[in-house]
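The values are calculated or read from the model by the stated rules, or taken from the named source; none is laboratory data. In this text the structure is predicted, and so the values were computed from the model without any measurement. Cβ atoms come from the backbone with ideal geometry, glycine included; neighbour counts cover every protein chain shown. Quick note on the areas: whole protein, heavy atoms, side chains included, nothing else; ligands and nucleic acids left out. Shrake-Rupley method; radii C 1.70, N 1.55, O 1.52, S 1.80 Å.
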Amino acid sequence: MVKPYPILAGVTPETATRPYRSPVRAERAARTRAAILAAAGTLFPADGYAGTTMRAVARAAGVSVPTVEQAFGTKASLLKAAIDVAIAGDDEPVAVLDRPWAGAARATGDARELLRLTAGVLAAAQARSAGLMLALFEATAGGDELYALRRQMVAQREITAAWLVDRLAERSALRPRLRRAEAVDTVWALIDPALFDRLTRHRGWTVARYERWIADTLAAALLAPQPAAPSRPTRKKAP
């Protein structure tokens with residue numbers, strides 16, 4: 001005979017089978033994850049992929065190697081998580097193009113304002129993530145997992161470029177004879193993290209200067225020239 005399940009303090013057969021989630025434990029895990037990602041975000045750009053070990057990340061984060069491995073698995077997975085957080089600016093599971101800035105960009109009807117908003121987000125994301133991206137693409141080892149991650153990052157950049165081109169085309173005429181594929185390739189090349197790194201680290205540009213430059217350069221490369229304002233007729237001087 002099956003005994004009836006006791007109903008005590010809201011406990012039912014359904015809720016009793018759910019695993020208990022401690023808010024304190026969850027907060028501690030979130031702090032540990034953030035510390036590991038912060039350490040990875042510093043070490044990968046500084047030491048490269050090969051030079052960054054899980055032990056070094058654990059030491060910098062103040063945790064054990066098994067803790068790092070339990071949270072992220074492989075070194076390639078840790079690098080991917082660090083890149084994702086750096087691009088987005090946080091660890092929330094929300095795609096970059098689904099965030100509030102993208103909604104504000106879609107809401108504007110002006111192509112140059114769209115570029116200004118996009119350039120601001122892009123410059124901030126590049127400042128956080130370019131070093132990590134270079135560590136990924138300059139790595140000479142890592143196997144299939146790292147190769148797959150490289151392909152994923154390249155594909156994501158193409159998605160961003162296509163999104164921007166299509167939003168611009170909805171608001172303004174593009175340059176004459178500029179095909180969509182060429183426009184996407186232009187954006188894809190100009191927002192390469194390596195270009196940001198060269199300009200800021202090697203040429204001494206500030207992030208603000210890069211932001212202005214990328215907005216102006218994309219406008220010049222993609223948008224049809226604005227018609228010149230009609231000149232006012234000059235008045236003849238009285239004799």
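Some notes on this structure:
- Note on region 204-214: residues that are surrounded by fewer than 18 Cβ atoms within 10 Å (Cβ to Cβ) and either in a helix (DSSP H, G or I) or touching a Gly at 6+ places or on another chain (Cβ under 8 Å) (or both) total 5.
- Those residues of region 169-203 which are more than 18 Å from ALA105 (Cα to Cα), open to solvent by 40 Å² or more (accessible area, probe 1.4 Å) and assigned to a loop (DSSP other than H, G, I, E, B), in sequence order: ARG175, PRO176, ARG177, ARG179, ASP192, ARG203
- So ASP166, is it open to solvent by 60 Å² or more (accessible area, probe 1.4 Å), in a helix (DSSP H, G or I) and either free of Cβ contacts under 8 Å to residues at least 40 places away in the same chain or not acidic (Asp, Glu) (or both): no
- Residue check, ALA148 surrounded by 15 or more Cβ atoms within 10 Å (Cβ to Cβ) and either touching a helix residue (DSSP H, G or I) at 6+ places or on another chain (Cβ under 9 Å) or assigned to a helix (DSSP H, G or I) (or both): no
- Any chance LYS75 is open to solvent by 40 Å² or more (accessible area, probe 1.4 Å), more than 30 Å from GLU211 (Cα to Cα) and of a type in the set (D, E, K, R): yes
- Region 78-99, subset farther than 24 Å from LEU190 by Cβ and either surrounded by fewer than 17 Cβ atoms within 10 Å (Cβ to Cβ) or touching a strand residue (DSSP E or B) at 6+ places or on another chain (Cβ under 9 Å) (or both), residue modelled with the highest pLDDT: ASP90
- From the list ALA104, ALA123, ALA130, the lone residue that is within 21 Å of ALA169 (Cβ to Cβ) and either in contact (Cβ under 8 Å) with a residue 60 or more places away in the chain or assigned to a helix (DSSP H, G or I) (or both) is ALA104.
- From the list LEU122, LEU115, LEU132, the lone residue that is modelled with pLDDT of 95 or more and open to solvent by 10 Å² or more (accessible area, probe 1.4 Å) is LEU122.
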